[in-house]
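The values are calculated or read from the model by the stated rules, or taken from the named source; none is laboratory data. Keep in mind that this is a model prediction, so the values were computed, not measured. As a convention, Cβ positions derive from the backbone with ideal geometry for all residues, glycine included, and neighbour counts pool all protein chains shown.
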Amino acid sequence: MAENENLTCFKAYDIRGELGAELNSNIAYRIGRAMGEYLNPKRVVVGSDIRLTSQELKKALSNGLLDAGVDVIDIGMTGSEEIYFATKHLGVDGGVEITASHNPINYNGMKLVRSDARPISSDTGLFDIQKIAERNVFSTVNKRGTISQTSILEAYIDHLMTYIDLKILKPLRLVINSGNGAAGHVIDAIEKKFVESNIPIEIIKVHHNPDGTFPNGIPNPILKENRQDTIDAVIAHGADIGIAFDGDFDRCFLFDEKGQFIEGYYIVGLLCDVFLKKIPGEKIIHDPRLTWNTLDIVNKAGGKAIMSKSGHAFIKERMRAEGAIFGGEMSAHYYFKDFSYCDSGMIPWLLIVELLSLKSTTLSKLVEKRIGRYPSLGEINSKVEYPKEAIDRVLKAYEKKALNVDLIDGISLEFEQWRFNLRSSNTEPVVRLNLESRGNVDLMKEKTAEVLKLLRE
């Protein structure tokens, strides 16, 4: 490939692109060389999800790192959080997960971290790596790196168990839908730990085995069309809770005992309460999309809520800067100080299971008051031809009436009885709307329809 080629797969906080057109083995190799040149690491850990192209891209990336003189440790088929854990646990200088998470089958990508699992985003070196890869001219290296394989699964599972008290867990039946993704082996390992510890938790496994063809669709339960299999299983088995993951399982999605999907926004609130009860006065990081429920819970619990730009790299960076104990996004990303400030799809459901045991109640009862107090329809995506112009059109229509306008991430406008956030996706050609009201479902629905109509004109 030519020098100074424009590489469009570099996004705000990771690498994501259409296979062939934006990402291929040659580009993956160059990214490996560029990462080696930019970070000058001695050791980097790599892993990949179950997409059919992930192994090939991991091999190419690894070859790039090796040619840059970097020793590569391959931990196999993993979710993103296993790479985050491994980077810290093994004490290496960086980590890369090959994944496109919830993106279409013809996409793939990478999530990059440096030592201590610190994210590499557009603010912290990702675009520098892009420039080196685009230049495609690399320094001569005297000694090629070596490659080895290892497993960190046992240590990772042991770490997950530190977040809960196994002794207090009560008999519960869980439906867990791994979406034919990478989560299955972790669920098996957790189940084994439960059995060894005589924990009365029953796990019903749905779409459990990894399959890179994704016969049940790309797992992304934030979309309604991807929830039904979990709902059906919860109802059929009389489960206490349903759990589902996205493709690299750094997000988990929860369903109550009735099969009702619980928006991530309300799970953020539950987890804020959990942490602030354990350690009062701590800082909590949240995104600007939906805020009132989080602010209410954190303020009443004596914590300090701090808003950050959406996106996993930005949330992590802000958490580190503030020393925050927990970070939560309504998109079902949850971040933990003791997990190297990284997001995990496993820790949240374990904490919720512990909470259900402690309170001897149901998930529906835990969230119903909060949903009633701050109702929202969750995130609504709109494909619009000119996103910037569409967002500007909405801003002009409402900004004079707003009590507060915030531009930290897209546009956030607040009124006395309702508020909304509108932002373009960092990885997809869509505009995302989140809107909530103060205890008024009809107003929430009315304003949602009103904003969408204006946006989609």
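Being β-branched (Val, Ile, Thr) and in contact with a helix residue (DSSP H, G or I) (Cβ under 7 Å, 6 or more places away or on another chain) is the filter here, so list the residues in the range 28-69 that pass it. Explain how you work it out, then say what you get.
So in the range 28-69, the residues β-branched (Val, Ile, Thr) come out as 31, 44-46, 50, 53.
Across the range 28-69, the qualifying residues are Ile31, Val44, Val45, Val46.
Taking the range 87-112 only, how many residues are outside any loop (DSSP other than H, G, I, E, B) and more than 28 Å from Lys224 (Cβ to Cβ)?
Residues flagged as outside any loop (DSSP other than H, G, I, E, B) and more than 28 Å from Lys224 (Cβ to Cβ) within the range 87-112 amount to 9.
Test each condition in (1) closer than 30 Å to Phe314 by Cβ; (2) more than 17 Å from the chain's Cα centre (by Cα) for Ile231 and report the one that comes out false.
The one condition Ile231 does not meet is (1).
Going by what's in this entry, would Leu351 be described as among the hydrophobic types (A, V, I, L, M, F, W, C) and either within 27 Å of Arg438 (Cα to Cα) or outside any helix (DSSP H, G or I) (or both)?
Spelling it out, it is not the case that Leu351 is among the hydrophobic types (A, V, I, L, M, F, W, C) and either within 27 Å of Arg438 (Cα to Cα) or outside any helix (DSSP H, G or I) (or both).
From Gly184, Gly179, Gly125, which residue is surrounded by 14 or more Cβ atoms within 10 Å (Cβ to Cβ) and within 15 Å of Met35 (Cβ to Cβ)?
Gly125 is the lone residue from the list that is surrounded by 14 or more Cβ atoms within 10 Å (Cβ to Cβ) and within 15 Å of Met35 (Cβ to Cβ).
Tell me, yes or no, whether the range 343-350 has at least one residue that is surrounded by fewer than 23 Cβ atoms within 10 Å (Cβ to Cβ) and outside the structural domain of Asp240 (by TED's automatic domain parsing).
The answer is yes, given that some residue of the range 343-350 is surrounded by fewer than 23 Cβ atoms within 10 Å (Cβ to Cβ) and outside the structural domain of Asp240 (by TED's automatic domain parsing).
Do the conditions hold for Gly439, that is, is it modelled with pLDDT of 95 or more, at positive phi and surrounded by fewer than 17 Cβ atoms within 10 Å (Cβ to Cβ)?
Yes; evaluated as a whole, the condition is true for this residue.
Taking the options Leu126, Leu160, name whichever one is in contact with a Leu (Cβ under 8 Å, 6 or more places away or on another chain) and in the same structural domain as Val72 (by TED's automatic domain parsing). Give the steps one after another, and end with the answer.
Numbers: Leu160 fails: in the same structural domain as Val72 (by TED's automatic domain parsing).
So the residue among Leu126, Leu160 that is in contact with a Leu (Cβ under 8 Å, 6 or more places away or on another chain) and in the same structural domain as Val72 (by TED's automatic domain parsing) is Leu126.
Working carefully through the options Gly242, Gly247, find the one that is assigned to a loop (DSSP other than H, G, I, E, B) and either at positive phi or touching a residue at least 24 places away in the same chain (Cβ under 8 Å) (or both).
Going through Gly242, Gly247 in turn, the sole match is Gly247.
Looking at this structure, is Lys316 without any contact (Cβ under 8 Å) to a residue 24 or more places away in the chain and either buried (at least 20 other Cβ atoms within 10 Å of the Cβ) or under 24 Å from Lys258 (Cα atoms) (or both)?
no
State all residues of the range 370-422 that are among the basic types (Lys, Arg) and over 22 Å from Arg438 (Cβ atoms); if no residue qualifies, say none.
Within the range 370-422, Lys383, Lys388, Arg393, Lys396 meet the criteria.
What residue, among those in the range 152-185 that are in contact with a Lys or Arg (Cβ under 9 Å, 6 or more places away or on another chain) and of a type in the set (A, V, I, L, M, F, W, C), is nearest to Ile199 (Cα to Cα)?
That would be Leu166.
Would you be able to say whether some residue in the range 325-345 is part of a loop (DSSP other than H, G, I, E, B) and within 13 Å of Asp273 (Cβ to Cβ)?
yes
If you check Leu52, Leu39, which single one turns out to be surrounded by fewer than 22 Cβ atoms within 10 Å (Cβ to Cβ) and either closer than 15 Å to Lys131 by Cα or in the same structural domain as Ile190 (by TED's automatic domain parsing) (or both)?
Leu39
Just checking, which of Gly95, Gly109, Gly145 is under 17 Å from Glu317 (Cα atoms), among the small types (Gly, Ala, Ser) and crowded, with 16+ Cβ neighbours inside 10 Å?
Within the list Gly95, Gly109, Gly145, the selection yields Gly95.
Return yes or no: is Ser115 in contact with a Gly (Cβ under 6 Å, 6 or more places away or on another chain) and hydroxyl-bearing (Ser, Thr, Tyr)?
It is false that Ser115 is in contact with a Gly (Cβ under 6 Å, 6 or more places away or on another chain) and hydroxyl-bearing (Ser, Thr, Tyr).
I'd like the residue in the range 319-329 that is out of contact with any Gly (no Cβ under 8 Å at 6 or more places or on another chain) and touching a residue at least 12 places away in the same chain (Cβ under 8 Å) and, out of all such residues, is surrounded by the fewest Cβ atoms within 10 Å (Cβ to Cβ).
Across the range 319-329, the extreme among qualifying residues is Gly323.
Out of the range 8-36, which residues are modelled with pLDDT of 95 or more, surrounded by fewer than 21 Cβ atoms within 10 Å (Cβ to Cβ) and within 17 Å of Ser122 (Cα to Cα)?
Thr8
Those residues that are among the acidic types (Asp, Glu) and within 19 Å of Asp250 (Cα to Cα), I need them from the range 157-190; list them, please.
Asp158, Asp188
Among the residues that make up the range 204-213, is at least one of them farther than 26 Å from Tyr84 by Cβ, in contact (Cβ under 8 Å) with a residue 12 or more places away in the chain and not assigned by TED's automatic domain parsing to the domain that holds Tyr341?
yes
Taking Ala233 as meeting all but one of (1) of a type in the set (Gly, Ala, Ser); (2) part of a loop (DSSP other than H, G, I, E, B); (3) within 25 Å of Ile204 (Cα to Cα), write down the number of the exception.
(2)
Looking for whichever is out of contact with any Leu (no Cβ under 7 Å at 6 or more places or on another chain), surrounded by fewer than 23 Cβ atoms within 10 Å (Cβ to Cβ), assigned to a loop (DSSP other than H, G, I, E, B) and charged (D, E, K, R) here; the options are Lys277, Lys309. Which one fits?
Values: Lys277 fails: assigned to a loop (DSSP other than H, G, I, E, B).
When all the criteria are applied, what remains is Lys309.
So Glu225 ticks every box in (1) surrounded by fewer than 15 Cβ atoms within 10 Å (Cβ to Cβ); (2) part of a loop (DSSP other than H, G, I, E, B) but one. Which box is left unticked?
Among (1) surrounded by fewer than 15 Cβ atoms within 10 Å (Cβ to Cβ); (2) part of a loop (DSSP other than H, G, I, E, B), Glu225 violates only (2).
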